[in-house]
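**Student:** Sending over a structure as structure tokens; questions will come in a sec.
The values are calculated or read from the model by the stated rules, or taken from the named source; none is laboratory data. What you see is a predicted model; the values in this text were computed from it and never measured. Here the Cβ positions follow ideal geometry from the backbone for every residue, glycine too, while neighbour counts run over all protein chains shown.
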Amino acid sequence: MDSYKGIEFEPRASRKKNSDEKELLHFNDSLDRIKSAGYERHGRPSEVFSLIIDGLEGKLANTPLQNVYDDIFKSYGEFLSLAWERKGDLLIAYLDPEDLVWNSDKYVKKGFKFAEKQEFDITGKNSQQWIDLNEFDVGFVEWHYARKFSELPKEMQKGSKRVQVYLPSEGNIWAVGRGSYSYRFNINCYYVSRASRGARKKIP
């Protein structure tokens with residue numbers, strides 16, 4: 001498996017038994033599966049979207065990473081190595097979260113830990129509503145998508161598949177994921193369970 005900017009992605013997301021449809025898991029169960037498969041975590045948003053952008057721009061053609069890119073868009077959307085928590089006009093983004101557990105109707109912190117956190121001003125932006133990415137400030141866009149909005153491929157900027165964001169409700173922490181069958185570039189807290197793909201630093 002070739003690495004992508006020092007990261008190795010699991011070539012194929014976890015599948016249901018005897019099916020080509022991706023398996024849906026809660027975040028903590030997905031992370032447990034990933035680690036048992038020899039990976040460290042889910043892909044970070046900047047890693048995953050950098051790969052997607054390079055795929056859209058044809059930079060992965062004739063490489064093993066093209067197969068990863070193609071598999072990313074099969075079936076359901078996948079978890080990112082990210083959790084969001086809304087506190088008023090502040091969005092706290094936790095990178096590489098662990099011990100984020102589904103508890104019947106919400107995600108809760110159980111010995112919660114993470115690698116890094118960032119805070120973003122989301123004044124005037126409603127929770128649980130789809131918002132176009134270009135309504136967010138440049139820091140939010142670059143941290144999640146690894147580029148300025150104006151530098152994203154056109155299919156991510158405009159049209160029916162343009163990037164939109166779905167924020168968590170006030171006071172709640174939620175595991176963040178990317179896309180769905182059709183809306184492949186969105187980043188959101190819309191789903192309870194998602195598909196599972198591991199990532200790890202390149203093994204020497």
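**Student:** Being at pLDDT 95 or above and out of contact with any His (no Cβ under 9 Å at 6 or more places or on another chain): is that true of Ala199 here?
**Tutor:** no
**Student:** Okay, moving on. Residues of the stretch 40-67 being part of a loop (DSSP other than H, G, I, E, B) and without any contact (Cβ under 8 Å) to a residue 60 or more places away in the chain, which ones?
**Tutor:** So the first thing to find is which residues in the stretch 40-67 are part of a loop (DSSP other than H, G, I, E, B), and the list is 40, 42-44, 57-63.
Those that are part of a loop (DSSP other than H, G, I, E, B) and without any contact (Cβ under 8 Å) to a residue 60 or more places away in the chain: Gly58, Lys59, Leu60, Ala61, Asn62.
**Student:** Applying the selection to the stretch 147-168, what residues are polar (S, T, N, Q) and either modelled with pLDDT of 95 or more or under 16 Å from Phe49 (Cα atoms) (or both)?
**Tutor:** Ser150, Gln157, Gln164
**Student:** Go through the stretch 167-193 and give me each residue that's of a type in the set (D, E, K, R) and under 10 Å from the mean Cα position of the chain (by Cα).
**Tutor:** Narrowing the stretch 167-193 to residues of a type in the set (D, E, K, R): 170, 178, 184.
If the condition is that a residue be of a type in the set (D, E, K, R) and under 10 Å from the mean Cα position of the chain (by Cα), then Arg178 is the only one that fits.
**Student:** If you don't mind, another one. Would it be correct to say that Tyr191 is at pLDDT below 95 and more than 22 Å from Tyr94 (Cα to Cα)?
**Tutor:** no
**Student:** Could you please find all residues in the stretch 3-22 being within 16 Å of the chain's Cα centre (by Cα) and acidic (Asp, Glu)?
**Tutor:** Correct list: Glu8, Glu10.
**Student:** Give Arg178, Arg162, Arg184, Arg147 a once-over and let me know the one that is charged (D, E, K, R) and closer than 17 Å to Pro97 by Cβ.
**Tutor:** Arg178
**Student:** Further question on the same structure: Out of the stretch 37-95, which residues are at pLDDT 95 or above and among the basic types (Lys, Arg)?
**Tutor:** Arg41, Arg44, Lys59, Arg86, Lys87, listed by residue number.
Residue-by-condition table, conditions (1) exposed (fewer than 15 other Cβ atoms within 10 Å of the Cβ); (2) without any contact (Cβ under 8 Å) to a residue 24 or more places away in the chain:
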| site | (1), (2) |
| --- | --- |
| Gly111 | yes, yes |
| Gln128 | yes, no |
| Phe149 | no, yes |
| Leu152 | no, no |
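**Student:** With the condition kept exactly as written, say whether any residue in the stretch 171-181 is modelled with pLDDT of 95 or more, aliphatic (A, V, I, L, M), in a strand (DSSP E or B) and in contact with a helix residue (DSSP H, G or I) (Cβ under 7 Å, 6 or more places away or on another chain).
**Tutor:** Within the stretch 171-181, one or more residues are modelled with pLDDT of 95 or more, aliphatic (A, V, I, L, M), in a strand (DSSP E or B) and in contact with a helix residue (DSSP H, G or I) (Cβ under 7 Å, 6 or more places away or on another chain).
**Student:** Here's something else I'd like to know. If you take the residues in the stretch 123-139 that are touching a Lys or Arg at 6+ places or on another chain (Cβ under 9 Å) and outside any helix (DSSP H, G or I), which one is farthest from Gly171 (Cα to Cα)?
**Tutor:** Step one: list which residues in the stretch 123-139 are touching a Lys or Arg at 6+ places or on another chain (Cβ under 9 Å), which gives 127, 131-136, 138.
Now restrict to residues that are outside any helix (DSSP H, G or I): 127, 131-132, 136.
On the way: Ser127: 11, Ile131: 19, Asp132: 22, Phe136: 20 Å.
Selected residue: Asp132.
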